[in-house]
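Working notes for the structure below.
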Amino acid sequence: MVIDRDLTADDAGVIGGYAEQSDVINNSVRISGGALHNDVYGGFAVAGDAINNSVSMSGSEVVNVSGGYTAKGNATNNSVSISSGTVYSGVWGGSSSEGDATNNSVSISGGTVSDSVYGGCAIVGDATDNRVSISGGTVSGSVYGGFAISGNATGSSTGNSIILSGTADVSEAALYGGHANSDMGGIVSDNKLIINGWSGKVLSLNNFYGNKGGIEVQSLAGGLDLAVGQMTAFVTSQAEINSNNNKLITTQATEMQAGVALTVSGEIGMGSNSIYIDVASVRASDQTAITTESRAAAAAFVNQGAEAVSDSINSLQGAEAGISTFATVSGNNSKYNTGSYVDINGWNGIVGVANTKEINAGKFSYGAFFENGSGNYNTYNNFNGNSFRGDGNAVYNGGGLLMRYEQENGIYTEASLRAGTAKNEVDNALEFAGRRYGYKTENAYYGAHIGIGKIFKLDNGKAWDVYGKYFHTHHEGDSVNIANDVFDFDSVDSDKLRIGARFSEQQGEKLSSYYGLAWEYEFSGDAGGTANQHAMYTLSLEGSTVIGEIGFRYMPGRESPWYFDANVKGYAGMQEGFSGSVQAVYSF
């Protein structure tokens, strides 16, 4: 049976499945709102086993929660999951008054539990292989992996575990791997505390020992102050730790992950009131390369916008005196070889207005424009045999000024200024303690370019355009917090020189074609930064690219105010791929 609804104060209690003389199996309750001044059971058996029953709770208020309960029988494979809401008393994954509690679990990722938590509870019987996992929320009182009371019989608590991760707040909780009545011969052993990317305070740690039990540190939390030669406590306890039947399973950290940002090695020790690491080495984690590569991808995409500006200026070649409006839309697919590689797919667009005047045996055009770009990208890298991939989206919006001065002898100069804001959103980039994290950055960018060239006119409407252009783009740095780790990204500067030639010829009265070849060199384009003050992998866009292009221009004639241009470019070298653009100009 499945019960899925909000609760009301009038409910006398909620039970997913009930049986008096048989087993209660595979029942579940899902509650997502309201308040109940009573108890919730996934399954309730009077004389039979409670097997595979569950309660899932979010945004509710209840007194007690039990995944599965049996008065006379065994409680096996029952579970409780709490993501938000409030439990005013206790939580039991599975419990039995007269029987064993085996392989039951409680998972808390949010909300508040004001009293005790039991992975598995056996009043008269054994509590074995039960689990409590706390990754968020606040838990007060006592937390037991397994609890065996056995007031008049032998009952043992073995093989149980408590897992702490994420943002769990157990500062007002006493943690017990297991509990049993030792006066009746009950055994408490082989229970485990697993610390997986967690740091914080507890009231006490108890009964984590045995040949297969103890305190296991799988990873350290993010945001810790880790420095070589420094001892950093990541768990502190109000009560003494080393006198409460606890032992360390993990005594050495070897290239252990510390948050999403760092990798640390050193000795893990247990003091009277703390668990600490004596750091021998610490560095930025290999996976942080995803963040600098994503940064380079976003910068490269914004840089592509400068080419759209330059193409828009080309449309002013030979423009008649007067005002004109122009628009350019380009799409591209590019791969940048950075030692690893970055794949970018996107669109760039420009709309603007320009004025052309005849000045000193030449024509001077100047104008203003708005630019926008939207794209997605993938980054790939390999470190120590591990592959890392990042997926993201980049958007920029800005504007600028442009000019072109063309003399009658064919010599021309051009320039532009641009500025705007770039946003970069990365999905599921970094992994830590079984979770994946994305992030967003936003920064200003500023750019400029200058170019000079000469048009050599030949017979029959043919001409050569030989040019050189220099592009500079500056991207401001940014800082983000990812899972308590601080990432500071350096500014990125791009300086590119392009030298090329373009041949054009008339294909008819209104149509002309052109073909071009250019060499471009990126002098910088370094993207780096720090993760928790440790330098990350810096990659560079530096390198040469050869660009080939083919395009067509259509001019309906002097009687028409329109001008059209379509262009395809191919790239090889540091940048590989292709782009296509369409321009339209309307003159008044």
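Assorted remarks:
- Average Cα contact separation per residue, segment 72-113, under 8 Å, 6 or more apart, as relative contact order %: 54
- Dipole magnitude for segment 441-495: about 760 debye, using +1 per Lys or Arg Cβ and -1 per Asp or Glu Cβ, origin at the Cα centre.
- At an R0 of 45 angstrom, the distance between the Cβ atoms of Met231 and Arg389 translates into a FRET efficiency of 0.80.
- Comparing Ser204, Gly331, Ser237 along the charge dipole axis of the chain, the residue lying farthest to the positive side is Gly331, per the Cβ-charge model.
- With the convex hull drawn over the C-alpha atoms of the chain, the volume per residue is 177 Å³.
- Remark: accessible surface ordering of Met555, Met536, Met270 (largest first) is Met555, Met270, Met536, probe radius 1.4 Å.
- Out of every Cα-Cα pair that segment 330-473 contains, those further apart than 21 angstrom amount to 61 percent.
- With the whole protein complex present, Ser315 retains an accessible surface near 10 Å², based on a 1.4 Å probe.
- Per-residue SASA entry for Tyr467, accessible area with 1.4 Å probe, Å² rounded to 10: 30
- Maximal additional length on extending the Ser243-Tyr88 stretch stands at 52.7 nm, based on 0.36 nm per residue less the C-alpha distance.
- Virtual spin-label span in nm between Asn355 and Lys454, 7 Å along Cα→Cβ: 3.2
- Debye log10 I(q)/I(0) for segment 161-206, one point scatterer per Cα, at q = 0.33 Å⁻¹: -1.24
- Extreme residue, positive dipole direction of the chain, given options Gly580, Tyr118, Ser95 (C-beta unit charges): Gly580
- Estimated translational diffusion coefficient (Stokes-Einstein, Kirkwood radius over Cα pairs, 37 °C, 0.692 mPa s) of segment 1-141: 233 µm² per second.
- Computed from label points 7 Å out along Cα-Cβ, the spacing between Tyr380 and Glu216 is 3.5 nm.
- Sorted largest first, the spans of the alpha carbon positions of segment 229-352 along the three principal axes are 90, 31, 23 Å.
- Accessible surface for Lys454 stands near 60 Å², nearest 10, in the context of the full protein assembly shown (1.4 Å probe).
- Under-5 Å amide H pairs with Ala168, H placed in peptide plane, nonlocal only: Gly136
- Value of Rg/Rh across segment 160-283 [Cα atoms, Kirkwood radius]: 0.99
- Simple point charges give the picture: +1 on the Cβ of Lys and Arg, -1 on the Cβ of Asp and Glu, and for segment 123-217 a dipole about the Cα centre of about 120 debye.
- Protein accessible area in the chain, 1.4 Å probe - carbon and sulfur %: 51
- Under the criterion of Cα pairs below 8 Å and six or more residues apart, the relative contact order for the chain equals 7 percent.
- Degrees separating the helix 289-314 axis from the principal Cα axis of the chain, which is the longest one: 20
- Pairs from the table (Lys335/Lys457; Lys335/Lys357; Lys423/Lys510; Lys440/Lys469; Lys454/Lys496; Lys247/Lys440) lying more than 31 angstrom apart at Cα are Lys335/Lys457; Lys335/Lys357; Lys423/Lys510; Lys440/Lys469; Lys247/Lys440.
- Taking amide H atoms as placed 1.01 Å from N in the peptide plane, the amide H of Ala319 has no partner under 5 Å among residues 5 or more positions away or on other chains.
- Working ranking of peptides 102-111, 403-412 by packing, defined as the average number of other Cβ atoms within 10 Å per residue, highest first, is 102-111, 403-412.
- The value given for segment 476-553 is a Kirkwood hydrodynamic radius of 15.9 Å, derived from the mean inverse Cα-Cα separation.
- Proximal charge balance of Tyr514 [Cβ under 14 Å; K/R count +1, D/E count -1]: 0
- P(r) weight above 10 Å for segment 502-542, C-alpha pairs, percent: 78
- Normalised contact order of segment 267-418, rounded percent, pairs of Cα under 8 Å and 6 or more residues apart: 20
- Per-residue accessible area (protein heavy atoms, 1.4 Å probe) orders Ser84, Ser512 as Ser84, Ser512, starting from the largest.
- Each 5 Å bin from 0 upward holds the following percent of the Cα-Cα pairs of segment 43-124: 4, 20, 28, 23, 14, 8, 2.
- Euclidean distance of C-alpha centroids, segment 18-56 and segment 333-353, integer Å: 56
- Dipole axis of the chain (+1 Lys, Arg; -1 Asp, Glu on Cβ), positive-most option in Ala296, Ser512, Val139: Ser512
- Assuming charge only on the beta carbon of Lys and Arg (+1) and of Asp and Glu (-1), the dipole of the chain about its Cα centre is about 1220 debye to the nearest 20.
- Using a Förster distance of 60 Å, the FRET efficiency for Ser544-Asn38 (Cβ separation, nearest 0.05): 0.20
- Across segment 442-459, coupling constants 3J(HN,Hα) worked out from phi with the 6.51/-1.76/1.60 Karplus curve, θ = phi - 60°, read 8, 8, 7, 10, 9, x, 7, 8, 9, x, 9, x, 9, 9, 9, 7, 10, 6 Hz, and Gly and Pro carry x.
The values are calculated or read from the model by the stated rules, or taken from the named source; none is laboratory data. Only a predicted model underlies this, so the values are computations on that prediction, with no experimental measurement involved. All Cβ positions, even for glycine, are placed from backbone atoms using ideal geometry, and neighbour counts span all protein chains on display. Quick note on the areas: whole protein, heavy atoms, side chains included, nothing else; ligands and nucleic acids left out. Shrake-Rupley method; radii C 1.70, N 1.55, O 1.52, S 1.80 Å.
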